[in-house]
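Take a look at the structure set out below.
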Amino acid sequence: MAVDIQKLFNETLPAGIAKHADKAKEIGAKFQMNITGDGGGEWFIDLSASGPSAVAGNPGGADCTITISAEDFQKLQENPQANGMQLFFAGKLKVQGNQMLAMKLQKLFELSA
């Protein structure tokens, strides 16, 4: 089943972050998610001590920036472990900044489950 990216980042994820603020802050980083193509967008996710929050846009200051197409993001949501590495090594999941932080993104999406 396809994920509604707009709903995930504008409603589901912010609600999950607010509900589990302490767990979100444990991740301890600021992320910029750039999802290209139909249904995509840009979101700034602050999981640092000053956060937590998830807002649309790109204000700058991210520790880790993830760029991926909407189509590939769907694959990532279906099977994060297997598809994440495949997409990264195929150049379809681009990570700028601290690449080790990208590994913590799975914890972020678990907050919204």
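The values are calculated or read from the model by the stated rules, or taken from the named source; none is laboratory data. Quick caveat, the model's predicted, so the values are computed rather than measured. Counting neighbours? That spans all protein chains shown, and the Cβs are built from the backbone with ideal geometry, glycine included.
Selection of region 1-28 for residues being without any contact (Cβ under 8 Å) to a residue 24 or more places away in the chain and of a type in the set (A, V, I, L, M, F, W, C) yields only Met1. Can you find, within region 29-75, the residue that is surrounded by the fewest Cβ atoms within 10 Å (Cβ to Cβ) among those that are assigned to a loop (DSSP other than H, G, I, E, B) and touching a residue at least 60 places away in the same chain (Cβ under 8 Å)? Looking at residues that are assigned to a loop (DSSP other than H, G, I, E, B) and touching a residue at least 60 places away in the same chain (Cβ under 8 Å), I get Ala29.
Is it the case that Ile17 is at pLDDT 90 or above, closer than 14 Å to Lys104 by Cβ and buried (at least 17 other Cβ atoms within 10 Å of the Cβ)? Considered against the rule, which asks whether it is at pLDDT 90 or above, closer than 14 Å to Lys104 by Cβ and buried (at least 17 other Cβ atoms within 10 Å of the Cβ), Ile17 comes out as yes. Across region 76-99, the number of residues qualifying as of a type in the set (S, T, N, Q), under 26 Å from Gly28 (Cβ atoms) and either touching a Leu at 6+ places or on another chain (Cβ under 9 Å) or crowded, with 17+ Cβ neighbours inside 10 Å (or both) comes to 2.
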